[in-house]
Amino acid sequence: MSRASKITLVLSTALSITTIGAVYFMAENEKDQLQEGPIKDRKRLERREFNSKQQANLNEYEKQKEIFAEMEKIQPLTGEIVQGIDTRK
């Protein structure tokens, strides 16, 4: 092989290896950032203060959860579908 072909082979191999390594590194970095996204969002939401309307909605939601729990104690949900058709004939 001539000297020029050896240099071309070495340079193209080095460039290919560098490109593959860089793509792998960028993919791993992006994957890590995507995994950290929900964690950052949760922390941001915990620090966030609600305005009066959002606070009222949150309070209403909590009340509805309490009412639902009380009603479920009185009349548990069975998952049975009531169709309104009398089948006792």
Exercise. Scan the stretch 39-63 and report the pairs whose first residue is at negative phi and whose second residue is exposed (fewer than 10 other Cβ atoms within 10 Å of the Cβ), with Cβ atoms within less than 9 Å and a gap of 6+ or a chain change.
Key: Gln55/Glu49
Practice problem: Tell me, yes or no, whether the stretch 61-75 has at least one residue that is surrounded by 10 or more Cβ atoms within 10 Å (Cβ to Cβ), among the small types (Gly, Ala, Ser) and at pLDDT below 95. | Solution: no
Self-check item: Search result, residues across the stretch 21-60 that are outside any helix (DSSP H, G or I) and surrounded by 10 or more Cβ atoms within 10 Å (Cβ to Cβ)
Solution: Phe50
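The values are calculated or read from the model by the stated rules, or taken from the named source; none is laboratory data. Since the model is a prediction, treat every value here as computed from it, not as a measurement. Note: ideal-geometry Cβ built from the backbone for every residue, glycine included; neighbour counts use all protein chains shown.
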